[in-house]
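These notes are about the structure you will find just below.
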Amino acid sequence: MIKELVTDEALLSTPCEPATVEDIAVATDLTDTLASLKNAGCLAANQIGVTRALFAFEDESGTVRVMANPKVLFGLGADKVEESCLTHEGISRVTRYIKIKLSYDEFVDGELRHRKGEFVGWEAQMIQHMADHCAGKLV
């Protein structure tokens, strides 16, 4: 279901609770809402009012992926970049890694399965932005 975006800084700055298998409906809401937005590449659950560590993003192949409980394990090539956010006005200058190793969970056959992966470039930047949302960190 398509949800309205939340701009309340108190909610957006609240660290999210870990996502569980019961949050599969939130994952669907995230993908539906992301698909309804123009020029959006990623969306976190707290941006639709749910304080769970869960987000959706469009990867470089155009596939929408949902990740839960993200933790950046390490990053290489720190760089200052400019970012915008769907729920925060203006452009922010932040430090992001060009390459990251990520620990996360994803929904597979009705279960949450633990994964690790490496991401580079634009995908790494979006994932770091979403991990910040899950931690309640505003850009």
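The values are calculated or read from the model by the stated rules, or taken from the named source; none is laboratory data. It should be emphasised that the depicted structure is a prediction, and the values quoted were computed from it without experimental measurement. Counting neighbours? That spans all protein chains shown, and the Cβs are built from the backbone with ideal geometry, glycine included. What goes into the accessible areas is simple: the full protein's heavy atoms, side chains included, and nothing from ligands, DNA or RNA. Shrake-Rupley method; radii C 1.70, N 1.55, O 1.52, S 1.80 Å.
A few remarks follow.
- When the range 93-110 is limited to residues that are in contact (Cβ under 8 Å) with a residue 24 or more places away in the chain and out of contact with any Leu (no Cβ under 9 Å at 6 or more places or on another chain), the one that is surrounded by the fewest Cβ atoms within 10 Å (Cβ to Cβ) turns out to be Gly110.
- Boolean, Gly90 is at pLDDT below 95, in a loop (DSSP other than H, G, I, E, B) and open to solvent by 30 Å² or more (accessible area, probe 1.4 Å): no
- The lone exception for Met130 - which of (1) under 20 Å from Thr28 (Cβ atoms); (2) out of contact with any helix residue (DSSP H, G or I) (no Cβ under 9 Å at 6 or more places or on another chain); (3) open to solvent by 70 Å² or more (accessible area, probe 1.4 Å) it fails: (3)
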